[in-house]
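The values are calculated or read from the model by the stated rules, or taken from the named source; none is laboratory data. Computed from a predicted structure; not experimentally measured. Here the Cβ positions follow ideal geometry from the backbone for every residue, glycine too, while neighbour counts run over all protein chains shown.
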Amino acid sequence: MRANLALLPIAAQSASLVVSLQVIEHLWDVRSFLTQLCAAVVPGGRIVISTPNRLTFSPGVARGEKPLNPFHVEEFDREQLLDLLHDAGCVDVQVFGLVHADALAHDERANGSIVDAQIAAIMGAGWNDELTERVAAVTTSDFAIVAADDECLDLIAVGVRE
């Protein structure tokens, strides 16, 4: 579905699960978006949100400050994500972390951050064949979901609607 995220066209209590991947960091009004998602879910239904971990993507940038990624309005840490989902009407919120598994971690130690390379390419350094090959080689097996900590790359929050 395509929609204006400021006014979601999803009927109240019409979904048992809503998933939002890598969206909230791009929004000006995150609280309204999450409240709308929560309203769309039946009581006991789940909301799953993923977002970059501010602590790893924008180290040294404080809460509410402009992130290093020029396409992000704000980035969040684990506690902020917990608070946002609780405020939206979720209970039993759990936050997990996404990390690089061994092969991708080895590639980044040898070649540098693949995310930094993509951002540099977008910002003018150009997208070369080497970067294209690196990105194309990444698969789901290159990632692991673990307990969230300050070092994880992305945060994945799962909340249950009241």
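Remarks
- Among the residues making up region 10-44, those that are surrounded by fewer than 15 Cβ atoms within 10 Å (Cβ to Cβ) and in contact with a strand residue (DSSP E or B) (Cβ under 7 Å, 6 or more places away or on another chain) are 13, 16, 17, 19, 21, 22, 42, 43, 44.
- Number of residues in region 97-117 that are surrounded by 15 or more Cβ atoms within 10 Å (Cβ to Cβ), of a type outside the set (A, V, I, L, M) and either under 12 Å from residue 137 (Cβ atoms) or touching a Phe, Trp or Tyr at 6+ places or on another chain (Cβ under 7 Å) (or both) equals 2.
- Scanning region 122-145 for residues that are out of contact with any helix residue (DSSP H, G or I) (no Cβ under 6 Å at 6 or more places or on another chain) and surrounded by 12 or more Cβ atoms within 10 Å (Cβ to Cβ) yields 122, 125, 135, 137, 138, 143, 144, 145.
- Test result for residue 146, touching a Cys at 6+ places or on another chain (Cβ under 7 Å) and touching a residue at least 24 places away in the same chain (Cβ under 8 Å): yes
- Residues of region 69-126 satisfying the condition of being of a type in the set (Asp, Glu) and free of Cβ contacts under 8 Å to residues at least 60 places away in the same chain: 74, 75, 79, 83, 87, 102, 107, 108, 116
- Restricting 115, 41, 95 to residues that are of a type in the set (Val, Ile, Thr), modelled with pLDDT of 95 or more and farther than 25 Å from residue 9 by Cα narrows the list to 95.
- First in region 1-21 and at pLDDT below 95, second anywhere and assigned to a loop (DSSP other than H, G, I, E, B) and of a type in the set (Phe, Trp, Tyr), Cβ under 9 Å, 6 or more apart: 6/28
- Residue count for region 15-40, restricted to those that are part of a strand (DSSP E or B) and not β-branched (Val, Ile, Thr): 5
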